[in-house]
Amino acid sequence: MSIHRIFNRLALAASLALALSVSALSRAALADSMPTFRDVRVDVQPLRANAGDPTATWVQEDLSALLARGLAGRIAPGGAPLTIRIDYLTLGPQTGEMLHAGASLDNILGVAVVGGHEIPIRATSSYYSTPVDQTLIERSNRERVSQLSQALAYWIVHGDFF
């Protein structure tokens, strides 16, 4: 084997080692920079006034469970309290006759209150209707609310709002 090939392989191995160590350090730094929370509470009273039940109950159940699981590693006694207040949830038309390639857009809006500071939060999901959905509207709506809760929890857990 020529010396040139040996140096190329050593350079490649060193580059890979550097890339892996930088990647590991940046993940650790990102995890350290994420805020910690003392507790997490989901408030759906405004949603209950706007959309009623069972929608508000579904959001509270889904979002509470998703956030508890997703933020479990970021709960600490010295953290700030986190309250997720859901104000509105809108489901697009059941028929899907909207723009966006036949999908209806569903939205969930609210505010994250972290240590007294309010941060607007929002998530959107697309709904594609099926013939079965027309006869099982409550089941369809339950699934749509679940998808919105999952989308919002994803953005909250990944720190995209704070």
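Just checking, does the range 51-61 include any residue being more than 19 Å from the chain's Cα centre (by Cα), at pLDDT 65 or above and acidic (Asp, Glu)? Break it down into steps so the answer makes sense when it comes.
Step one: of the range 51-61, the residues more than 19 Å from the chain's Cα centre (by Cα) are 51-54.
Those still in the list that are at pLDDT 65 or above too: 51-54.
Filter again for acidic (Asp, Glu), leaving 53.
Yes; the residues of the range 51-61 include at least one that is more than 19 Å from the chain's Cα centre (by Cα), at pLDDT 65 or above and acidic (Asp, Glu).
Condition first: assigned to a helix (DSSP H, G or I), modelled with pLDDT under 90 and under 20 Å from the mean Cα position of the chain (by Cα). Now tell me which residues in the range 24-50 satisfy that.
Within the range 24-50, Arg27, Leu30, Ala31, Asp32, Ser33 qualify.
Given the conditions (1) modelled with pLDDT of 90 or more; (2) of a type in the set (Gly, Ala, Ser); (3) part of a helix (DSSP H, G or I), and given that Ala101 satisfies all but one, which numbered condition is not satisfied?
It is condition (1) that Ala101 fails.
The values are calculated or read from the model by the stated rules, or taken from the named source; none is laboratory data. Quantities reported herein were computed from a predicted structural model and do not represent experimental measurements.
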